Amino acid sequence: MKPKGIITCAGIFPEKYLDEVRQMSDLAELACSLNSKEFEEKIKEAEFYIQGGEEKNTLEVMQKAEKLKKIFFAGINYESFYEPAALEFLKKKGVHVYPTGGGQSSVARLTYDQIMLFARTKIAREGVWPEDHATGLEKSPVVRIIGAGGIGAAVLKMLAGKTKDLGYVEVRGEVKELRELGVKYIPDLEKAFDADIVSLHVPYIPGVTDNLITKAMLSKLRPGAVLINNARAEIVDREGFLRFQKERPDVINLWDVLWWEGDDFRKLDAKTRQEIFQNNFFFNGHKAFMAYPELTKEEYGQGLMKLIREHGLV
């Protein structure tokens, strides 16, 4: 007898992977714009739950999932989609939440495109057509990537050879593969901000990378610089950033993240919102991972099937 399961917002996965899951289970597929009553009825009988949507799961709903054994979450940070009490309940019950991962390729591609947009603009300001490669490289901006993990390294590999002065900071030290591509390793985090374009790719680790990026570092950015943050807001000292933003209206800030999400953001007072959303602050709505949806969907699908093969559906 096939295990019973539900999937929400199935379209976030490629059909080829969905077909595999359909063949091995009795799968109920629910829409992205979820009817809560329908979901509550279906979850009662579900032995597994694939969360592709953005539904917020409460303790009350999870307590109804009496037969639930496993949850597969499309993405990485599932915690913000569950009440703390619901996660605690699932943990005590022995229900494991498996994040599929994914979205990294899309974020890396978006970051690359953002950097190249401003790099080409700077070159053109110098009177050089961006495709005049030899002269263009000489006039190209100083680019620094902070963090050379999965996303940061992918961005650096795409940028290699396209800008004259490309460097990175990485807490683990120099990366051999990047050295072979001619990318400069910079051991001093503060010095790395002496640049035209800086992109942040440091993971948020509570108690470790909180407020890692300070006002002193930001103040070293060159006139007319661009600061890209497609990582997490928590790695930047908020008060320091707000002061810096007022003092340096010449710096363009392209952020995909804020210090608040969802309901917390909606509760913000007008004064705080106005402090952040200055004319030099551009916000992508925390959707960088969906900039290139086909890349993200493929990663979600691969991650889901890897988890199912390793752990089973139930």
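The values are calculated or read from the model by the stated rules, or taken from the named source; none is laboratory data. Since the model is a prediction, treat every value here as computed from it, not as a measurement. So basically every Cβ, Gly included, is an ideal-geometry build from the backbone, and we count neighbours across all protein chains shown. Accessible surface areas use protein heavy atoms only, side chains included; no ligands, DNA or RNA. Shrake-Rupley method; radii C 1.70, N 1.55, O 1.52, S 1.80 Å.
Here are the numbers:
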{"quantity": "The range 1-66 shape via C-alpha gyration tensor axes, a/c threshold 1.5", "calculated": "oblate"}
{"quantity": "The range 99-116 - phi-based ³J(HN,Hα) in whole Hz, Karplus 6.51/-1.76/1.60, Gly and Pro as x", "calculated": "x, 6, x, x, x, 5, 5, 5, 5, 4, 5, 4, 4, 4, 5, 4, 5, 5"}
{"quantity": "Environment charge of MET305, counting only residues whose C-beta is closer than 12 Å and scoring Lys/Arg +1, Asp/Glu -1", "calculated": "-2"}
{"quantity": "Computed accessible area, PHE283, all protein chains, 1.4 angstrom probe, square angstrom", "calculated": "80"}
{"quantity": "Most mobile listed residue (GLY285, GLY303, GLY101) in the chain, GNM with C-alpha springs under 10 Å", "calculated": "GLY285"}
{"quantity": "Cβ-derived FRET efficiency at R0 45 Å, ASN77 paired with LEU181, nearest 0.05", "calculated": "0.90"}
{"quantity": "Magnitude of the charge dipole, the chain, Cβ model with Lys/Arg +1 and Asp/Glu -1, debye to 20", "calculated": "260"}
{"quantity": "Which listed pairs, of LYS37/LYS287; LYS37/LYS69; LYS122/LYS157; LYS139/LYS287, have C-alpha distances above 26 Å, in listed order", "calculated": "LYS37/LYS287; LYS139/LYS287"}
{"quantity": "Heavy-atom accessible area per residue - the chain, 1.4 Å, Å²", "calculated": "51"}
{"quantity": "The chain: angle of helix 238-247 to the longest principal axis, Cα-based, in degrees nearest 10", "calculated": "40"}
{"quantity": "Positive-pole candidate from GLY94, SER80, ALA65, dipole of the range 31-148, charges at beta carbon", "calculated": "GLY94"}
{"quantity": "Estimated translational D of the chain in µm²/s (Stokes, Kirkwood radius over Cα pairs; 20 °C; 1.002 mPa s)", "calculated": "100"}
{"quantity": "Mean Cα-pair separation over length for the range 1-100, i.e. relative contact order, pairs under 8 Å, 6 or more apart, %", "calculated": "26"}
{"quantity": "0 to 90° range, to nearest 10: angle between helix 84-93 axis and the chain longest Cα axis", "calculated": "50"}
